[in-house]
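Okay, so here's the structure we're looking at.
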Amino acid sequence: MRVQKFSLLAVAVVAGLSLTACQSGDDSSAGSDDSSSAQSSGSQNSGGSSASAGKGTGTAGSGATAGGSSGSASGTGTGACKTSQLAFSSSGGMAEGTLIVNLKNTGSATCTLKGFPGADLKGKDGTVSAERSKLAPPTVSVEAGEETRFTLHYPSNDSGGSGVTFTSLVVTPPDETHSHTLPVSINVPVSDGSGPAITVDPVGTGK
């Protein structure tokens, strides 16, 4: 009976140890799962941080673009057009006795023009400065590569005489001191001052 009881006790002890070993193994496995979960969670959090950082970079990129746009905007439409950044050309107007003078912005940024240009006709018989018309001058914004214009009005020579011929037009843009000379061929009747005057419209008016 003693031997039998001892054997049973030994079996019980071995079973207890086996159960403890199994539980120990289960705990180790659970710890491993927790560690994997933590690593996985850490990876996801790290990925989340990277995504967030990516968004931050995107925002910075957007800000840089906005800055570029802002810089571009600040360079548009604020400065007066200079003679040096304008290309000049002329063509006959729709009506007789009119000359269209085109001003093209050859610069890299938008500029503005407002007012009457200086317009002086020159020929072998002298110089005549055009008078200002009664039109109100608008503010004209001229983008890079675009153009605006003004119109010169002069009396056509219907007198039958030779009249007076002008061969050049000296144009000074509004608010500028530098001029540009265009070749022209304008013939007007000889006048004692009582006839129609030579006039100029503001920049940006007319067709």
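The values are calculated or read from the model by the stated rules, or taken from the named source; none is laboratory data. Bear in mind the structure is a predicted one, so any value in this text is a computation, not a measurement. Neighbour counts are summed over all protein chains in view; Cβ atoms, including those assigned to glycine, are modelled from backbone coordinates with ideal geometry. Heavy atoms of the whole protein, side chains included, go into the accessibility calculation; ligands, DNA and RNA do not. Shrake-Rupley method; radii C 1.70, N 1.55, O 1.52, S 1.80 Å.
Please find, within region 123-160, the residue that is modelled with the highest pLDDT out of those that are on the phi > 0 side of the Ramachandran plot and in a loop (DSSP other than H, G, I, E, B). Steps first, answer last, please.
The initial filter retains those residues of region 123-160 that are on the phi > 0 side of the Ramachandran plot, namely 126, 145, 160.
Next, only the ones that are in a loop (DSSP other than H, G, I, E, B) stay: 145, 160.
Working: GLY145: 97, GLY160: 79.
This residue is GLY145.
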| Quick one: in region 151-162, which of the residues that are of a type in the set (S, T, N, Q) and more than 21 Å from ALA136 (Cβ to Cβ) is most open to solvent (accessible area, probe 1.4 Å)? | SER162
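Could you list, in sequence order, all residues of region 89-111 that are open to solvent by 30 Å² or more (accessible area, probe 1.4 Å) and either in a strand (DSSP E or B) or not aliphatic (A, V, I, L, M) (or both)? Even if it seems obvious, please write down each step before you answer.
The initial filter retains those residues of region 89-111 that are open to solvent by 30 Å² or more (accessible area, probe 1.4 Å), namely 89-92, 94-96, 104, 106, 108-109.
Listed by number, the residues that qualify are SER89, SER90, SER91, GLY92, GLU96, LYS104, THR106, SER108.
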| task | For VAL203, work out the one condition from (1) in a loop (DSSP other than H, G, I, E, B); (2) without any contact (Cβ under 8 Å) to a residue 60 or more places away in the chain; (3) among the hydrophobic types (A, V, I, L, M, F, W, C) it doesn't fulfil. | result | (2)
| request: State which residue is farthest from HIS153 (Cα to Cα) when the search covers only region 122-141 and only residues that are open to solvent by less than 70 Å² (accessible area, probe 1.4 Å) and in contact (Cβ under 8 Å) with a residue 40 or more places away in the chain. | output: VAL140
| field | Pair list, Cβ < 6 Å and 6+ apart or interchain, from region 174-188 residues that are part of a strand (DSSP E or B) to residues that are open to solvent by 80 Å² or more (accessible area, probe 1.4 Å) | value | none
| Single residue of region 176-207 satisfying the filter (among the hydroxyl-bearing types (Ser, Thr, Tyr), under 16 Å from ASP120 (Cα atoms) and under 35 Å from the mean Cα position of the chain (by Cα)) that is least open to solvent (accessible area, probe 1.4 Å) | SER179
| Would a scan of region 163-175 turn up a residue that is modelled with pLDDT under 95, more than 24 Å from PRO138 (Cβ to Cβ), among the small types (Gly, Ala, Ser) and open to solvent by 30 Å² or more (accessible area, probe 1.4 Å)? | no
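When residues of region 112-121 are filtered for being open to solvent by 20 Å² or more (accessible area, probe 1.4 Å) and more than 29 Å from GLY193 (Cβ to Cβ), how many remain?
Of the residues in region 112-121, 2 are open to solvent by 20 Å² or more (accessible area, probe 1.4 Å) and more than 29 Å from GLY193 (Cβ to Cβ).
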